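Taking it in order: structure first as C-alpha coordinates, then the write-up.
The values are calculated or read from the model by the stated rules, or taken from the named source; none is laboratory data. For clarity, every value in this text was computed on a predicted model and none was experimentally measured. Every residue, glycine among them, receives a Cβ derived from its backbone with ideal geometry; neighbour counts consider all protein chains shown.
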Amino acid sequence: MTAKKKKIGLFGFGSVGQGLYDILASSKGFNAEVSKIVIKNADKERTLPAEFFSTDANDILNDPTIDLVVELIDNADDAYHIVTSALKSGKTVISANKKLIAEHFVELVNLQKENNATLLYEASSCASIPIIRTLEEYYDNETLHGVSGIFNGSSNYILSKVQNEGLAYASALKDAQDLGFAESDPALDVGGYDAKYKLVIITGHSYGVFLDPDDVFNYGIQHLSEADVEYARSRNLKIKLVAQVSKVDDGNISLFVTPQFVSPESNLYNVENEYNGVTVEAAFSEKQLFYGKGAGGHPTGSAVLSDISAALYDYRYEYKKAKSIVKYSYSKEVELEVYLRFNNQSILDFIPFTAITEEGKNYVVGTVKLGTLLHVKNTLEQDGAFLVSTGKVKKIETNLSQVSQEAVLV
Ligand SMILES: NC(=O)c1ccc[n+]([C@@H]2O[C@H](COP(=O)([O-])OP(=O)(O)OC[C@H]3O[C@@H](n4cnc5c(N)ncnc54)[C@H](OP(=O)(O)O)[C@@H]3O)[C@@H](O)[C@H]2O)c1
(Lines give C-alpha, C1' and ligand atoms only; values in the text may rest on other atoms or scores of the structure.)
Protein backbone atom coordinates (compact mmCIF):
# COMPACT_ATOMS: atom_id res chain seq x y z
CA MET A 1 0.00 0.00 0.00
CA THR A 2 1.42 3.46 -0.89
CA ALA A 3 1.57 6.00 1.96
CA LYS A 4 -0.80 8.95 1.76
CA LYS A 5 0.96 11.94 0.22
CA LYS A 6 1.82 14.77 2.64
CA LYS A 7 0.11 18.05 1.88
CA ILE A 8 2.15 21.19 1.23
CA GLY A 9 0.77 24.69 1.76
CA LEU A 10 2.84 27.00 -0.45
CA PHE A 11 3.21 30.75 0.12
CA GLY A 12 4.42 32.57 -3.02
CA PHE A 13 4.33 31.55 -6.65
CA GLY A 14 7.09 33.70 -8.15
CA SER A 15 10.45 32.50 -9.51
CA VAL A 16 11.11 30.02 -6.70
CA GLY A 17 7.49 28.98 -6.00
CA GLN A 18 6.91 28.16 -9.67
CA GLY A 19 10.36 26.52 -9.82
CA LEU A 20 9.51 24.27 -6.88
CA TYR A 21 6.15 23.39 -8.40
CA ASP A 22 7.83 22.34 -11.70
CA ILE A 23 10.35 20.19 -9.82
CA LEU A 24 7.65 18.51 -7.71
CA ALA A 25 5.68 17.82 -10.88
CA SER A 26 8.69 16.08 -12.41
CA SER A 27 9.67 14.17 -9.24
CA LYS A 28 7.76 10.94 -9.70
CA GLY A 29 7.15 8.96 -6.53
CA PHE A 30 7.77 11.95 -4.23
CA ASN A 31 5.57 11.60 -1.20
CA ALA A 32 4.28 15.18 -1.00
CA GLU A 33 2.15 17.46 -3.16
CA VAL A 34 1.05 21.10 -3.16
CA SER A 35 -2.56 21.40 -2.05
CA LYS A 36 -2.92 25.19 -1.66
CA ILE A 37 -0.97 28.24 -2.83
CA VAL A 38 -1.34 31.63 -1.16
CA ILE A 39 -0.23 34.59 -3.26
CA LYS A 40 -0.61 38.36 -2.95
CA ASN A 41 -2.28 39.50 -6.15
CA ALA A 42 -5.47 37.62 -7.04
CA ASP A 43 -5.61 39.15 -10.53
CA LYS A 44 -2.26 37.90 -11.81
CA GLU A 45 -2.32 35.31 -14.57
CA ARG A 46 -1.17 31.90 -13.27
CA THR A 47 0.03 28.68 -14.86
CA LEU A 48 -2.28 26.57 -12.67
CA PRO A 49 -6.08 26.44 -12.24
CA ALA A 50 -7.63 29.16 -10.04
CA GLU A 51 -8.78 26.67 -7.35
CA PHE A 52 -5.16 26.21 -6.24
CA PHE A 53 -4.84 29.88 -5.25
CA SER A 54 -5.96 32.04 -2.37
CA THR A 55 -4.95 35.41 -0.96
CA ASP A 56 -5.89 34.42 2.59
CA ALA A 57 -2.92 33.13 4.65
CA ASN A 58 -5.35 31.35 7.01
CA ASP A 59 -6.34 28.98 4.21
CA ILE A 60 -2.97 27.35 4.88
CA LEU A 61 -2.20 28.33 8.48
CA ASN A 62 -5.57 27.12 9.84
CA ASP A 63 -5.85 24.01 7.69
CA PRO A 64 -5.13 20.99 9.93
CA THR A 65 -4.69 18.72 6.89
CA ILE A 66 -1.62 20.68 5.74
CA ASP A 67 1.54 19.02 7.02
CA LEU A 68 4.22 21.30 5.60
CA VAL A 69 4.29 25.06 5.12
CA VAL A 70 6.67 26.27 2.42
CA GLU A 71 7.29 30.02 2.56
CA LEU A 72 8.63 31.49 -0.71
CA ILE A 73 7.50 35.11 -0.68
CA ASP A 74 9.57 38.22 -1.28
CA ASN A 75 8.46 40.21 1.76
CA ALA A 76 10.39 39.46 4.97
CA ASP A 77 7.85 41.18 7.26
CA ASP A 78 4.87 39.19 5.94
CA ALA A 79 7.08 36.09 5.97
CA TYR A 80 7.79 36.69 9.68
CA HIS A 81 4.06 36.50 10.45
CA ILE A 82 3.58 33.38 8.30
CA VAL A 83 6.63 31.48 9.62
CA THR A 84 6.17 32.32 13.31
CA SER A 85 2.42 31.53 13.20
CA ALA A 86 3.08 28.18 11.53
CA LEU A 87 5.86 27.29 14.02
CA LYS A 88 3.67 28.25 16.97
CA SER A 89 1.05 25.78 15.75
CA GLY A 90 3.72 23.09 15.62
CA LYS A 91 3.90 22.85 11.82
CA THR A 92 7.02 22.03 9.86
CA VAL A 93 8.13 25.09 7.91
CA ILE A 94 10.55 25.48 5.02
CA SER A 95 11.73 28.93 3.97
CA ALA A 96 14.16 30.42 1.44
CA ASN A 97 14.00 33.84 3.08
CA LYS A 98 17.52 34.75 4.26
CA LYS A 99 16.50 38.25 5.43
CA LEU A 100 13.78 36.85 7.68
CA ILE A 101 16.03 34.16 9.13
CA ALA A 102 19.08 36.38 9.68
CA GLU A 103 17.05 39.17 11.29
CA HIS A 104 15.14 36.84 13.66
CA PHE A 105 17.63 34.00 13.96
CA VAL A 106 17.60 33.45 17.73
CA GLU A 107 13.84 33.86 18.01
CA LEU A 108 13.28 31.33 15.22
CA VAL A 109 15.66 28.81 16.78
CA ASN A 110 13.86 29.19 20.12
CA LEU A 111 10.39 28.93 18.57
CA GLN A 112 11.30 25.55 17.14
CA LYS A 113 12.38 24.34 20.57
CA GLU A 114 9.39 25.77 22.43
CA ASN A 115 6.82 24.37 19.99
CA ASN A 116 8.55 21.13 19.03
CA ALA A 117 8.39 22.43 15.48
CA THR A 118 10.90 22.35 12.62
CA LEU A 119 12.24 25.12 10.40
CA LEU A 120 14.55 24.25 7.50
CA TYR A 121 16.10 26.88 5.21
CA GLU A 122 18.79 25.35 2.99
CA ALA A 123 17.67 27.44 -0.02
CA SER A 124 18.18 30.66 1.94
CA SER A 125 21.97 30.40 1.71
CA CYS A 126 23.52 29.99 -1.75
CA ALA A 127 20.42 28.37 -3.25
CA SER A 128 21.42 25.04 -4.80
CA ILE A 129 24.65 24.62 -2.77
CA PRO A 130 23.87 22.37 0.22
CA ILE A 131 25.99 24.35 2.66
CA ILE A 132 23.86 24.52 5.80
CA ARG A 133 23.28 20.80 6.18
CA THR A 134 26.94 20.22 5.27
CA LEU A 135 28.11 22.54 8.06
CA GLU A 136 25.62 21.01 10.48
CA GLU A 137 26.27 17.32 9.71
CA TYR A 138 29.65 16.95 8.01
CA TYR A 139 31.63 19.67 9.77
CA ASP A 140 29.89 19.13 13.10
CA ASN A 141 33.14 18.55 15.00
CA GLU A 142 36.10 19.65 12.92
CA THR A 143 37.48 23.10 13.77
CA LEU A 144 36.74 25.56 10.98
CA HIS A 145 39.39 28.12 10.05
CA GLY A 146 36.87 29.97 7.93
CA VAL A 147 33.98 29.94 5.49
CA SER A 148 34.04 32.42 2.64
CA GLY A 149 32.75 32.86 -0.82
CA ILE A 150 30.54 34.38 -3.43
CA PHE A 151 27.11 34.20 -1.89
CA ASN A 152 25.11 36.44 -4.24
CA GLY A 153 24.41 35.34 -7.80
CA SER A 154 23.15 38.61 -9.22
CA SER A 155 26.06 40.81 -8.07
CA ASN A 156 28.47 38.12 -9.28
CA TYR A 157 26.65 38.12 -12.62
CA ILE A 158 27.01 41.91 -12.82
CA LEU A 159 30.72 41.82 -11.91
CA SER A 160 31.34 39.09 -14.51
CA LYS A 161 29.59 41.05 -17.26
CA VAL A 162 31.38 44.31 -16.37
CA GLN A 163 34.87 42.81 -15.97
CA ASN A 164 34.81 40.09 -18.63
CA GLU A 165 32.59 41.62 -21.32
CA GLY A 166 32.94 45.34 -20.69
CA LEU A 167 29.19 45.84 -20.14
CA ALA A 168 28.08 49.00 -18.35
CA TYR A 169 27.03 48.40 -14.73
CA ALA A 170 23.40 49.51 -15.35
CA SER A 171 22.84 47.16 -18.32
CA ALA A 172 24.43 44.25 -16.44
CA LEU A 173 22.04 44.89 -13.52
CA LYS A 174 19.05 45.05 -15.90
CA ASP A 175 20.09 41.69 -17.45
CA ALA A 176 20.36 40.11 -13.98
CA GLN A 177 16.85 41.35 -13.16
CA ASP A 178 15.41 40.16 -16.48
CA LEU A 179 16.91 36.71 -15.92
CA GLY A 180 15.27 36.45 -12.46
CA PHE A 181 18.57 36.38 -10.51
CA ALA A 182 18.10 39.69 -8.73
CA GLU A 183 15.94 40.13 -5.63
CA SER A 184 12.78 42.24 -6.07
CA ASP A 185 14.80 45.03 -4.42
CA PRO A 186 18.22 44.94 -6.19
CA ALA A 187 19.81 47.11 -3.46
CA LEU A 188 19.75 43.97 -1.30
CA ASP A 189 21.96 42.20 -3.85
CA VAL A 190 24.38 44.90 -5.00
CA GLY A 191 24.67 46.49 -1.55
CA GLY A 192 25.94 43.21 -0.07
CA TYR A 193 22.93 42.83 2.25
CA ASP A 194 21.72 39.56 0.73
CA ALA A 195 25.23 38.10 1.08
CA LYS A 196 25.39 39.42 4.66
CA TYR A 197 22.12 37.71 5.66
CA LYS A 198 23.51 34.44 4.29
CA LEU A 199 26.80 35.02 6.09
CA VAL A 200 24.96 35.55 9.38
CA ILE A 201 23.08 32.25 8.87
CA ILE A 202 26.26 30.40 7.87
CA THR A 203 28.10 31.85 10.90
CA GLY A 204 25.40 30.45 13.19
CA HIS A 205 25.92 26.99 11.71
CA SER A 206 29.74 27.27 11.51
CA TYR A 207 30.59 28.74 14.91
CA GLY A 208 27.37 28.78 16.95
CA VAL A 209 27.48 32.60 16.95
CA PHE A 210 24.15 34.34 16.20
CA LEU A 211 24.56 37.98 15.21
CA ASP A 212 22.38 40.97 14.44
CA PRO A 213 23.00 41.70 10.72
CA ASP A 214 23.18 45.44 11.57
CA ASP A 215 26.32 44.70 13.55
CA VAL A 216 28.11 43.15 10.57
CA PHE A 217 29.96 45.31 8.00
CA ASN A 218 28.83 45.06 4.40
CA TYR A 219 29.94 47.19 1.48
CA GLY A 220 28.48 46.72 -1.97
CA ILE A 221 29.46 47.03 -5.63
CA GLN A 222 27.27 50.03 -6.61
CA HIS A 223 30.17 52.47 -6.79
CA LEU A 224 32.43 50.29 -8.96
CA SER A 225 34.19 52.45 -11.57
CA GLU A 226 36.30 51.75 -14.64
CA ALA A 227 39.33 52.90 -12.64
CA ASP A 228 38.71 50.14 -10.06
CA VAL A 229 38.32 47.50 -12.75
CA GLU A 230 41.53 48.73 -14.39
CA TYR A 231 43.42 48.75 -11.05
CA ALA A 232 42.48 45.08 -10.55
CA ARG A 233 43.08 44.04 -14.17
CA SER A 234 46.56 45.59 -14.27
CA ARG A 235 47.49 43.40 -11.29
CA ASN A 236 45.92 40.25 -12.77
CA LEU A 237 43.14 40.31 -10.16
CA LYS A 238 39.35 40.16 -10.37
CA ILE A 239 36.94 41.96 -8.08
CA LYS A 240 34.31 39.68 -6.51
CA LEU A 241 31.76 40.39 -3.80
CA VAL A 242 33.00 38.10 -1.02
CA ALA A 243 31.41 37.19 2.29
CA GLN A 244 33.88 35.91 4.82
CA VAL A 245 33.81 34.58 8.36
CA SER A 246 37.09 33.42 9.86
CA LYS A 247 38.54 32.28 13.14
CA VAL A 248 40.84 34.99 14.47
CA ASP A 249 42.10 33.06 17.49
CA ASP A 250 40.86 30.30 19.79
CA GLY A 251 38.00 32.38 21.16
CA ASN A 252 37.12 34.84 18.40
CA ILE A 253 35.74 35.04 14.91
CA SER A 254 35.42 37.98 12.57
CA LEU A 255 33.14 38.51 9.57
CA PHE A 256 32.28 40.99 6.82
CA VAL A 257 31.05 41.31 3.23
CA THR A 258 33.03 43.49 0.81
CA PRO A 259 34.23 43.50 -2.75
CA GLN A 260 37.49 41.58 -2.64
CA PHE A 261 40.51 41.22 -4.92
CA VAL A 262 40.73 37.63 -6.04
CA SER A 263 43.85 36.18 -7.66
CA PRO A 264 43.96 33.33 -10.22
CA GLU A 265 45.20 31.01 -7.42
CA SER A 266 41.95 31.49 -5.48
CA ASN A 267 39.11 28.96 -5.64
CA LEU A 268 36.78 31.86 -6.34
CA TYR A 269 38.59 33.31 -9.39
CA ASN A 270 36.62 31.27 -11.93
CA VAL A 271 33.26 31.46 -10.14
CA GLU A 272 31.39 33.59 -12.68
CA ASN A 273 27.92 34.85 -13.54
CA GLU A 274 25.05 33.62 -11.37
CA TYR A 275 27.19 30.89 -9.84
CA ASN A 276 28.10 30.86 -6.16
CA GLY A 277 31.20 29.35 -4.62
CA VAL A 278 31.66 28.59 -0.94
CA THR A 279 35.11 27.72 0.39
CA VAL A 280 35.20 25.89 3.70
CA GLU A 281 38.62 25.76 5.32
CA ALA A 282 38.86 23.26 8.13
CA ALA A 283 41.70 22.07 10.36
CA PHE A 284 42.19 18.64 8.75
CA SER A 285 40.11 18.42 5.59
CA GLU A 286 41.74 21.73 4.53
CA LYS A 287 40.16 23.82 1.74
CA GLN A 288 37.04 22.61 -0.03
CA LEU A 289 35.06 24.51 -2.65
CA PHE A 290 31.32 24.06 -3.03
CA TYR A 291 30.22 25.39 -6.39
CA GLY A 292 26.78 25.74 -7.90
CA LYS A 293 23.94 27.97 -8.99
CA GLY A 294 23.21 30.54 -6.32
CA ALA A 295 20.04 31.89 -7.87
CA GLY A 296 17.18 31.09 -10.21
CA GLY A 297 13.81 29.39 -9.77
CA HIS A 298 14.84 25.81 -10.47
CA PRO A 299 18.21 25.71 -8.62
CA THR A 300 16.61 27.37 -5.59
CA GLY A 301 13.52 25.15 -5.89
CA SER A 302 15.81 22.10 -5.83
CA ALA A 303 17.14 23.12 -2.40
CA VAL A 304 13.57 23.61 -1.18
CA LEU A 305 12.70 20.14 -2.50
CA SER A 306 15.64 18.70 -0.58
CA ASP A 307 14.36 20.37 2.62
CA ILE A 308 10.86 18.97 2.02
CA SER A 309 12.41 15.55 1.54
CA ALA A 310 14.49 15.95 4.74
CA ALA A 311 11.38 17.08 6.64
CA LEU A 312 9.57 13.93 5.50
CA TYR A 313 12.09 11.86 7.47
CA ASP A 314 11.85 14.24 10.44
CA TYR A 315 15.22 15.91 9.94
CA ARG A 316 15.81 19.06 11.97
CA TYR A 317 18.83 21.24 12.64
CA GLU A 318 20.45 20.55 15.98
CA TYR A 319 22.55 23.75 15.97
CA LYS A 320 25.49 21.59 16.98
CA LYS A 321 28.12 24.35 17.04
CA ALA A 322 26.02 26.37 19.46
CA LYS A 323 25.94 23.38 21.82
CA SER A 324 29.68 22.72 21.53
CA ILE A 325 31.93 23.31 24.54
CA VAL A 326 34.15 25.40 22.22
CA LYS A 327 32.69 28.91 22.32
CA TYR A 328 33.43 31.85 20.05
CA SER A 329 32.77 35.58 20.27
CA TYR A 330 32.53 38.10 17.45
CA SER A 331 35.51 40.46 17.39
CA LYS A 332 35.72 43.75 15.49
CA GLU A 333 39.22 44.25 16.93
CA VAL A 334 40.85 43.14 13.69
CA GLU A 335 42.61 45.01 10.91
CA LEU A 336 41.56 44.58 7.30
CA GLU A 337 43.78 45.43 4.35
CA VAL A 338 41.74 47.51 1.88
CA TYR A 339 41.94 49.50 -1.35
CA LEU A 340 39.83 52.65 -1.03
CA ARG A 341 39.06 54.76 -4.12
CA PHE A 342 37.38 58.04 -3.23
CA ASN A 343 35.88 61.09 -4.93
CA ASN A 344 36.82 63.62 -2.24
CA GLN A 345 40.20 63.31 -0.57
CA SER A 346 38.69 64.89 2.54
CA ILE A 347 36.95 61.62 3.49
CA LEU A 348 40.37 60.30 4.49
CA ASP A 349 40.18 62.68 7.48
CA PHE A 350 37.33 60.53 8.81
CA ILE A 351 38.99 57.17 8.24
CA PRO A 352 41.89 56.49 10.59
CA PHE A 353 43.98 54.02 8.60
CA THR A 354 46.35 52.12 10.90
CA ALA A 355 48.89 51.98 8.04
CA ILE A 356 49.04 53.11 4.41
CA THR A 357 51.11 51.05 1.99
CA GLU A 358 50.22 52.60 -1.39
CA GLU A 359 48.87 55.99 -2.42
CA GLY A 360 47.49 57.02 -5.82
CA LYS A 361 45.78 60.12 -7.20
CA ASN A 362 42.37 59.14 -5.82
CA TYR A 363 42.99 55.95 -3.90
CA VAL A 364 44.92 54.51 -0.98
CA VAL A 365 45.78 50.98 0.06
CA GLY A 366 46.26 50.32 3.76
CA THR A 367 44.93 48.72 6.90
CA VAL A 368 41.88 49.82 8.82
CA LYS A 369 40.00 48.41 11.79
CA LEU A 370 36.79 46.49 11.10
CA GLY A 371 35.06 48.45 13.87
CA THR A 372 36.10 51.70 12.15
CA LEU A 373 34.59 50.58 8.85
CA LEU A 374 31.23 50.01 10.55
CA HIS A 375 31.37 53.58 11.91
CA VAL A 376 32.35 55.24 8.61
CA LYS A 377 30.14 53.26 6.24
CA ASN A 378 27.72 56.16 5.62
CA THR A 379 30.61 58.55 4.94
CA LEU A 380 32.00 56.14 2.34
CA GLU A 381 28.58 55.67 0.74
CA GLN A 382 27.93 59.42 0.57
CA ASP A 383 31.25 59.98 -1.18
CA GLY A 384 30.54 57.22 -3.71
CA ALA A 385 33.79 55.60 -2.61
CA PHE A 386 34.62 52.06 -3.68
CA LEU A 387 36.23 49.75 -1.15
CA VAL A 388 37.90 46.43 -1.90
CA SER A 389 39.45 44.20 0.73
CA THR A 390 42.33 41.83 0.07
CA GLY A 391 40.78 39.32 2.46
CA LYS A 392 43.72 39.64 4.87
CA VAL A 393 42.55 39.90 8.48
CA LYS A 394 44.92 40.54 11.38
CA LYS A 395 44.01 40.45 15.04
CA ILE A 396 44.79 43.61 16.98
CA GLU A 397 46.36 43.08 20.37
CA THR A 398 44.16 45.41 22.40
CA ASN A 399 46.06 47.87 24.56
CA LEU A 400 45.16 51.16 26.17
CA SER A 401 46.18 53.37 23.24
CA GLN A 402 43.97 51.38 20.88
CA VAL A 403 41.04 51.54 23.26
CA SER A 404 41.30 55.33 23.44
CA GLN A 405 41.62 55.58 19.65
CA GLU A 406 38.32 53.67 19.35
CA ALA A 407 36.78 55.95 21.98
CA VAL A 408 37.69 59.07 19.97
CA LEU A 409 36.07 57.60 16.87
CA VAL A 410 32.78 56.94 18.64
N1 LIG B 1 14.95 34.15 -6.96
C2 LIG B 1 16.03 33.51 -6.50
O3 LIG B 1 16.92 33.15 -7.26
C4 LIG B 1 16.15 33.20 -5.03
C5 LIG B 1 17.28 32.47 -4.57
C6 LIG B 1 17.37 32.13 -3.21
C7 LIG B 1 16.38 32.53 -2.33
N8 LIG B 1 15.32 33.27 -2.81
C9 LIG B 1 14.31 33.68 -1.84
O10 LIG B 1 13.09 33.05 -2.18
C11 LIG B 1 11.98 33.88 -1.82
C12 LIG B 1 11.10 34.10 -3.05
O13 LIG B 1 11.84 34.75 -4.05
P14 LIG B 1 11.30 34.88 -5.57
O15 LIG B 1 12.48 35.28 -6.37
O16 LIG B 1 10.55 33.65 -5.94
O17 LIG B 1 10.29 36.11 -5.43
P18 LIG B 1 9.27 36.64 -6.53
O19 LIG B 1 9.53 36.01 -7.86
O20 LIG B 1 9.25 38.11 -6.43
O21 LIG B 1 7.86 36.07 -6.03
C22 LIG B 1 7.34 36.46 -4.81
C23 LIG B 1 6.01 35.76 -4.58
O24 LIG B 1 5.58 36.10 -3.26
C25 LIG B 1 4.20 36.42 -3.31
N26 LIG B 1 3.89 37.26 -2.15
C27 LIG B 1 4.41 38.45 -1.78
N28 LIG B 1 3.89 38.85 -0.60
C29 LIG B 1 3.01 37.88 -0.23
C30 LIG B 1 2.17 37.70 0.90
N31 LIG B 1 2.11 38.59 1.87
N32 LIG B 1 1.40 36.58 0.95
C33 LIG B 1 1.46 35.66 -0.03
N34 LIG B 1 2.24 35.76 -1.13
C35 LIG B 1 3.01 36.87 -1.20
C36 LIG B 1 4.03 37.09 -4.65
O37 LIG B 1 2.66 37.06 -4.98
P38 LIG B 1 2.11 37.54 -6.42
O39 LIG B 1 2.50 36.44 -7.36
O40 LIG B 1 0.66 37.64 -6.24
O41 LIG B 1 2.81 38.84 -6.70
C42 LIG B 1 4.92 36.21 -5.53
O43 LIG B 1 4.20 35.06 -5.97
C44 LIG B 1 12.60 35.17 -1.25
O45 LIG B 1 12.69 35.06 0.14
C46 LIG B 1 14.02 35.17 -1.84
O47 LIG B 1 14.94 35.86 -1.01
C48 LIG B 1 15.19 33.61 -4.12
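Results, tabulated for the structure shown:
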item: Cβ pairs under 8 Å, 6+ apart, first in the stretch 105-117 and on the phi > 0 side of the Ramachandran plot, second modelled with pLDDT under 95; result: ASN116/GLY90
item: Residues satisfying the stated conditions in the stretch 267-299, i.e. within 16 Å of the ligand (Cβ to nearest atom), modelled with pLDDT of 95 or more and of a type in the set (Gly, Ala, Ser); result: GLY277, GLY292
item: Condition broken by LEU100, with the remaining ones in (1) more than 8 Å from the ligand (Cβ to nearest atom); (2) assigned to a helix (DSSP H, G or I); (3) crowded, with 16+ Cβ neighbours inside 10 Å satisfied; result: (1)
item: Residues of the stretch 344-373 classified as assigned to a strand (DSSP E or B) and either closer than 16 Å to LYS395 by Cβ or of a type in the set (S, T, N, Q) (or both), total; result: 5
item: Of residues in the stretch 149-170 being touching an Asp or Glu at 6+ places or on another chain (Cβ under 8 Å) and polar (S, T, N, Q), the one surrounded by the fewest Cβ atoms within 10 Å (Cβ to Cβ); result: ASN164
item: From the options ILE37, ILE73, residue that is part of a loop (DSSP other than H, G, I, E, B) and either more than 8 Å from the ligand (Cβ to nearest atom) or buried (at least 16 other Cβ atoms within 10 Å of the Cβ) (or both); result: ILE73
item: Tally, over the stretch 365-383, of residues that are farther than 24 Å from LEU255 by Cβ and either among the aliphatic types (A, V, I, L, M) or surrounded by 14 or more Cβ atoms within 10 Å (Cβ to Cβ) (or both); result: 1
item: Condition met for ILE308 (β-branched (Val, Ile, Thr), more than 30 Å from PHE261 (Cβ to Cβ) and in a loop (DSSP other than H, G, I, E, B)); result: no
item: Scope the stretch 334-364; condition surrounded by 15 or more Cβ atoms within 10 Å (Cβ to Cβ) and aromatic (Phe, Trp, Tyr); matching residues; result: TYR339, PHE342, PHE353, TYR363
item: ALA42 vs. criteria at pLDDT 95 or above, exposed (fewer than 13 other Cβ atoms within 10 Å of the Cβ) and in contact with a strand residue (DSSP E or B) (Cβ under 9 Å, 6 or more places away or on another chain); result: yes
item: Subset tally (residues that are among the small types (Gly, Ala, Ser), under 16 Å from the mean Cα position of the chain (by Cα) and under 30 Å from ASN141 (Cα atoms)) for the stretch 207-253; result: 2
item: Selection count, the stretch 160-189, where residues are of a type in the set (A, V, I, L, M), under 23 Å from VAL16 (Cβ atoms), touching a residue at least 40 places away in the same chain (Cβ under 8 Å) and in a helix (DSSP H, G or I); result: 2
item: Residues within the stretch 1-34 that are in contact with a strand residue (DSSP E or B) (Cβ under 8 Å, 6 or more places away or on another chain), more than 8 Å from the ligand (Cβ to nearest atom) and assigned to a loop (DSSP other than H, G, I, E, B), tallied; result: 2
